[in-house]
Amino acid sequence: MSINQLYTNARAAFNNWSVLTVQERLAYLAKLRLVIIDQLDYLANTISEATGKVEVEAITTELLTVLDSITFLEKHAVASLAKQKVKTPIMFFGKKSYIYYQPRGVVLVISPWNFPFQLSLIPALNAVISGNSVIIKPSEVTPQVGIVMEEILSQAGFPEHVIQIAHGDYRVGQELVAGKPDFIFFTGSVAIGKKIQMEAAKHLIPTILELGGKDSMIVFPDAHLERAVNGALWGAFTNAGQVCMSVERLFVHQSIYPHFVDLLVNRAKQLTDDLGKMTSHRQCEIVQEQVMDALAKGGKMLTGQPPSQWDFSKVPFISPIILTEIKPEMRIWREETFGPVLPIIPFQSAEQAVELTNQLEFGLSASVWTKDLALAERIAGQLVVGNVMINDVITSVANPYLPFGGAKASGLGRYHGIEGLRVFTNQVSVMADSGYKKREVNWYPYQGKYPYFKELIRSYYADKKDLLGLLKAFNGLFMGDGS
Ligand code: NAD
């Protein structure tokens, strides 16, 4: 189908869909929830085949997250999208103020291959529940997932063209952006995010960009070491390290560094069945280049095969790699790796760990490991990132109540939570007057009003209110000719 046709369909679908109540729209979501439950094995299997991730990861990180997001919408969308009353300042006494959440129109969702199901459906479903029609452009690397999404959306009975899937590669993405959607929700790399932002700026199309990361995990000496070891391994190797929030640099306090590295290496050697494959050969090559660069510059590999011997011509699998002797001049120090590689770096002080984290262009998320929760919160406040986990990794993104997004080059805007639902709407602020007075106090004529406004300010805005003064100001302003 041509891009023009997709937009024509989407705009026509919007006209009928946007006039439904949120409750009516939610009925389709409830059906989708049941379709997903019904097809769990088929979906987990298809996602696993398409991406290389193990089925437990397909079910937890792709299906459960979407179900949690649907459940969140079923519980909170009606109240969050309803007209919200707000207060009105004293000068506008008698008026009512409120906010409407109006759908934006056609929302374009462009998604990557690492979590192709949830990173397409969560934004798309938030957008449709807000009353928009949606075009999803899934990644060309995992096309099967685009097909199953189309199947389950049709089984859920969504009206025609409310959610359309545009299959194809980056050229389809480019054409869709050029087609001037009303909003763009993009998840992917920093490089493409910048291109999309530049195109969107030509027409001032609002965007949300969810981009790459290079997350720090910071382990203090009083942390539960076994938990931290298990957390580091999972945080670095789940989904074969192809997670925007993967642990990409593990900072371990120097006082526990040798012991921690030993524990980590021993545990890493026991991992076998739990590891998934890489999703694409291209990504294997990127990881290989970075590891080779690190080794050439003095890095030490404590686990895994030497990268010169990797053969992913048949199966794109990389054994987990733990690296030490990491230096700032290595690519792995600052570039997103997106593979099962865990570089470990000793640190001396909390300030240094914060400084090394904040030095990079990325600011997606980070984790702090200590039993001293006051210290953890202090550090969390100093890290320039969008998300922090304390004594845990990655999973905050799976809480649909927490807004999610990046700082600095890791992205613009937030989704998830009430804020992440309303972002798909145009917020209309209304201040309403009953319309019976012939004029307002702040309108013309001004004559004689200055002393009363002065009295209003003096009596109302000081630390202690002066009720008599307020009455005088009110009488002068509202009861005189001005009202
Ligand atoms: P990518 O940027 O290469 O591609 C993402 C999508 O954009 C794909 O669907 C692709 O076809 C499309 N695309 C490419 N060029 C385009 C263009 N010029 N115009 C319009 N669309 C275009 O990213 P990827 O390799 O698929 O995904 C990996 C990246 O995604 C990593 O950097 C990862 O950190 C990031 N990511 C971020 C988050 C997050 O929430 N912050 C989540 C997952 C992945």
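Considering the conditions (1) surrounded by fewer than 18 Cβ atoms within 10 Å (Cβ to Cβ); (2) within 16 Å of the ligand (Cβ to nearest atom); (3) more than 15 Å from Met217 (Cα to Cα), Glu329 is excluded by exactly one of them, (2).
Summed over the range 275-293, the residues that are part of a helix (DSSP H, G or I) and of a type outside the set (Val, Ile, Thr) give a count of 10. When we screen Tyr415, Tyr460, Tyr452, Tyr446 for residues that are under 13 Å from the mean Cα position of the chain (by Cα) and of a type outside the set (Gly, Ala, Ser), the only hit is Tyr415. Selection of first residues in the range 194-222 that are closer than 16 Å to Gln174 by Cβ and of a type in the set (Val, Ile, Thr) and of second residues that are modelled with pLDDT of 95 or more and more than 15 Å from the ligand (Cβ to nearest atom), restricted to Cβ pairs under 8 Å at least 6 apart or on distinct chains, gives the following pairs, ordered by first then second residue: Ile205/Asp182.
Looking at (1) closer than 16 Å to Val66 by Cα; (2) away from the ligand (no atom under 11 Å from the Cβ), which is the one condition that is false for Gly105? So Gly105 meets the others, but not (1). Quick one: is Pro451 surrounded by fewer than 17 Cβ atoms within 10 Å (Cβ to Cβ), in contact with an Asp or Glu (Cβ under 9 Å, 6 or more places away or on another chain) and farther than 30 Å from Ala124 by Cβ? So Pro451 fails the test. Just so you know, in the range 108-153 the residues that are polar (S, T, N, Q) and in a loop (DSSP other than H, G, I, E, B) include one that is nearest to Pro403 (Cα to Cα), and it is Ser130. May I ask you to verify whether Pro343 is modelled with pLDDT of 95 or more and buried (at least 23 other Cβ atoms within 10 Å of the Cβ)? It is true that Pro343 is modelled with pLDDT of 95 or more and buried (at least 23 other Cβ atoms within 10 Å of the Cβ). Of the set (1) more than 23 Å from Thr142 (Cβ to Cβ); (2) within 16 Å of the ligand (Cβ to nearest atom), all apply to Leu264 but (2). Restricting attention to the range 391-411, and to residues there that are among the hydrophobic types (A, V, I, L, M, F, W, C) and surrounded by 16 or more Cβ atoms within 10 Å (Cβ to Cβ), which single residue is nearest to Glu336 (Cα to Cα)? Result: Ala409. In the range 1-88, counting only helices (runs of 4 or more DSSP H) that sit wholly within it, the ones holding 2 or more residues that are aromatic (Phe, Trp, Tyr) span 3-17. Considering only the range 94-113, I want to know if a residue exists there that is aromatic (Phe, Trp, Tyr) and under 18 Å from the mean Cα position of the chain (by Cα). Taking every residue of the range 94-113 in turn, at least one turns out to be aromatic (Phe, Trp, Tyr) and under 18 Å from the mean Cα position of the chain (by Cα). On the basis of being touching a Phe, Trp or Tyr at 6+ places or on another chain (Cβ under 9 Å) and at pLDDT below 95, does Ile47 make the cut? In short, no. Which condition breaks for Pro403 when tested against (1) under 30 Å from Ala473 (Cβ atoms); (2) touching a residue at least 12 places away in the same chain (Cβ under 8 Å)? Pro403 satisfies every listed condition except (1). Within the span defined as the range 252-274, one or more residues are surrounded by 13 or more Cβ atoms within 10 Å (Cβ to Cβ), small (Gly, Ala, Ser) and in a helix (DSSP H, G or I).
The values are calculated or read from the model by the stated rules, or taken from the named source; none is laboratory data. On a predicted model such as this, the values are computed, not experimentally measured, just so you know. Don't worry about glycine lacking a Cβ; one is built from the backbone with ideal geometry, like all the others, and counts go over all protein chains shown.
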